[in-house]
Every structure is written in C-alpha cells, then in structure tokens.
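What follows is a set of notes on a single structure, which appears directly below.
The values are calculated or read from the model by the stated rules, or taken from the named source; none is laboratory data. Nothing here was measured: the structure is a model prediction, and the numbers come from that model. Cβ placement follows ideal geometry from the backbone for every residue including glycine, while neighbour counts extend to all protein chains displayed. We work out accessible area using only protein heavy atoms, side chains counted, and drop any ligands, DNA or RNA first. Shrake-Rupley method; radii C 1.70, N 1.55, O 1.52, S 1.80 Å.
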Amino acid sequence: MDWQFESPELWAFLESLRPGEILSGTVAAIERFGVFVALDDGPAHPMFPGVGFITIPELSWRRIEAATDVVEVGQRISCEFLQFDTHNAEARLSLCALQPDPFQVFADRTEVGRILHGTIEKVLPFGAFVTVGDDIVGLVPFREVHGRPAAGSPEAFRTGEEMSVVVVEIDRSRRRVLLATSERNDQLRN
C-alpha cells in the first residue's frame, strides 16, 4: 500500500516525529509480536489498532515471557520514538528507553576482580550461565580464558546451585559478562 497517498494525514504525522521524542498514548492491542499504541496526538491507523508499535525487546530491559508481563490493554504509557516504519506506516516506539539500563548500571558499579554470589541458570557444553542479580547473567566458561584456568566440566555444575564467581570481563558493547569461579568455590569443588 502506498501510505503517502492513501493516508496523507498519517504520513505527515509520522514524518513530523523525531527520534528521541517522548510520546504518550494508550495500549490499544497486545499481540505475541508486540504492542500497538494509540498515540494521543496521532491520527487513527487505517489498518492497525494504533499508529505506534512496540516490539517485545523494546518493552523491558528484563527478560519477559509475554507483553502482558509489562503492559495491559487500556494502560496509559509514555514511550520514546525510535523511527518511522515507512512499510507499515507506524511509529516504532520503546518503553525501556525511558528506564535505566540494568546492564549499564551493573557495569558502572562493578569492577573486574569483584566477587559476586549467583545462581546457575543454565549449563551448556561450553559453560555455565550464572545470574548475579538484577537479571544480569554472566558466563563461566569451561575452557581457559584470559589466563584463568578452566572452570571444570559441565557435570560439576547444576542448575539452581548457588556459587561465588569473580568478574573477569564486562563487555559493554556486546552486553556480556565473563565470570570465573572464585578461589574459595574452586577449593570447595576439589
């Protein structure tokens, strides 16, 4: 559909928006792939329940099972405008952009070498994923990394087990935390 000619009022509204602009509206519909938002100052969309759309990853910094974990139909929300989706003639929005990023907060307050306590969330052949708080998950690799000895074999780690870990690296750009077992925890395993 050629939105520019089919719905010139909608097109003009969307073209007027600037990235970073804060928009308010009401959650109009929740789908498995995202949330439609009827924007306060926007026209109605001829095909969708709202002219604004939030994808699942833009709803929350936390891992969520469904959009209903964060919003409900009829709820008033404020979002940041990300971009104009010209294909669907909708405003792509972000709810989490208006909240502090827990990963960046963690990276700001945690230095390499710090010992943390966590819970093993998942064990895979290459390493164990350990939750160290605030939905921050780091990897304890089962091979030598940065001169640290291998953490052991997958069989030595059990999901749900609590353990002490040392922060080896925080990669802000890739949003990853590399961990190693702490000396005390290594001694307990041997």
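Details
- For Ala89, nonlocal amide neighbours, meaning residues 5 or more places apart or on other chains whose placed amide H falls under 5 Å from its own, do not occur.
- Rounded to the nearest 20 debye, dipole of the chain from Cβ charges on Lys, Arg, Asp, Glu: 920
- Per residue, segment 64-142 exposes 50 Å² of solvent-accessible protein surface, assessed with a 1.4 angstrom probe and all protein chains in place.
- Residue by residue, segment 90-105 carries 3J(HN,Hα) couplings of 9, 8, 7, 10, 9, 7, 6, 4, 8, 10, x, 7, x, 5, 5, 4 Hz when phi is fed to the Karplus relation 6.51 cos²θ - 1.76 cosθ + 1.60 (θ = phi - 60°); x denotes Gly or Pro.
- Among the chymotrypsin sites (Phe, Trp or Tyr not before Pro) found in segment 32-111, those both in a DSSP coil and sparsely packed, with 12 or fewer other Cβ atoms within 10 Å of their Cβ, are Phe33.
- Applying 0.36 nm per residue to the separation of Gln83 and Val105 and subtracting their alpha-carbon distance, the gain on full extension is 5.3 nm.
- With every protein chain in place, the chain: carbon and sulfur % of accessible area (1.4 Å): 50
- Whole-Hz Karplus values for segment 153-158 come out as 9, x, 5, 7, 10, 10 Hz, taken residue by residue from phi with 6.51 cos²θ - 1.76 cosθ + 1.60 and θ = phi - 60°; glycine and proline positions read x.
- Charge tally for Phe84 (other residues, Cβ to Cβ under 14 Å; Lys, Arg +1; Asp, Glu -1): -3.
- Karplus-derived HN-Hα couplings along segment 67-78 (A = 6.51, B = -1.76, C = 1.60, θ = phi - 60°), whole Hz, x at Gly and Pro: 4, 5, 6, 10, 9, 9, 4, x, 6, 7, 9, 10
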